[in-house]
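**Q** I have a structure here, written as structure tokens, and I will follow up with some questions on it.
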Amino acid sequence: MKILPVKKQNRRKTNAASSPSASQIGALTGAPVRMLLLSLLTGLFLILIHDLLTQNRFWRIQQIQVNGCRQLSRRQVLQQAQINIGDNILAVNLNLIRKRLLAHGWILQARVSRDFPGQLRIAIQEHAAMAQARIQQNYLIDQRGIFFKEMDAQDPSGLPEICGLTHADIAVAGQKAGQALRAALAILEMRKPINRFWPDSRISKIVIDPETGMRVQHQLATGASIYLDLDLRDYRQSYDRLPRILAWLARRPDIPAIAGIDLRNRNRIVIDPIAAPGLDRIPAEKEV
């Protein structure tokens, strides 16, 4: 039996083959370094672009156009929006500006837009104040019956006052105002046909009583005051008869002045005359 010699392996060669070479080590460590350098360069580039856009004078607001001001001034709108000439037009948040504007009591709607390179446009729609009413505090009311603002010293004076309202009459989101408030606002819209009889007159007060109806106080240009009593539910038909009554009164010199007219009853009209100078007593109410 012949025994063959066994060749010994070269451990140095085996170890050398199993350990990574210098080029392999460089390849493994170079990839993360390249990624880190790329990230740094990208960050620096983005910072440069940001500074170019936000600090360059080319993007500064040079003009702010404000449309729709009636009660508010341009200055008040800009103060509410919190923007100024010189602000960066790219940095302003249009949605945030709109929310600031809508937070003002007088502003019903607002729209904000950019006009590159340096103009900002603001368009607002204000509430139309129809009257004032007091429910714990004095409030302004618009044509929809919304109590849109608590009154202050800067608000317009001389608005018709509506008395006798309750919280149930207030219009809330998605719902109509109560019947009493709707009737009062409708009367404020319907007063135009009687201007030819009472020129330059205005409604100074409307008093609402669920039991007796609605009393509308007219302030004439002469300084005199005349009341109209209307049915709270049938006020339109009652008010439509007023021009004919005033035309009839114009042909009656025996009734020189009146204190008021009661139009609540469909079948009769009651006129409350004022005593003429020299009379000892006021004449009795006259039915028509």
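The values are calculated or read from the model by the stated rules, or taken from the named source; none is laboratory data. What you are looking at is a predicted structure, and each value in this text was computed from that prediction instead of being measured. Cβ placement follows ideal geometry from the backbone for every residue including glycine, while neighbour counts extend to all protein chains displayed.
**Q** Out of all the residues in the range 250-258, is one or more part of a loop (DSSP other than H, G, I, E, B), modelled with pLDDT under 85 and surrounded by 15 or more Cβ atoms within 10 Å (Cβ to Cβ)?
**A** Yes, that holds for at least one residue.
**Q** Follow-up question, since we're still on this one. Looking at 159, 165, which one is of a type outside the set (Lys, Arg), in contact (Cβ under 8 Å) with a residue 40 or more places away in the chain, closer than 19 Å to residue 216 by Cα and part of a loop (DSSP other than H, G, I, E, B)?
**A** Of the residues listed, the single one that is of a type outside the set (Lys, Arg), in contact (Cβ under 8 Å) with a residue 40 or more places away in the chain, closer than 19 Å to residue 216 by Cα and part of a loop (DSSP other than H, G, I, E, B) is 165.
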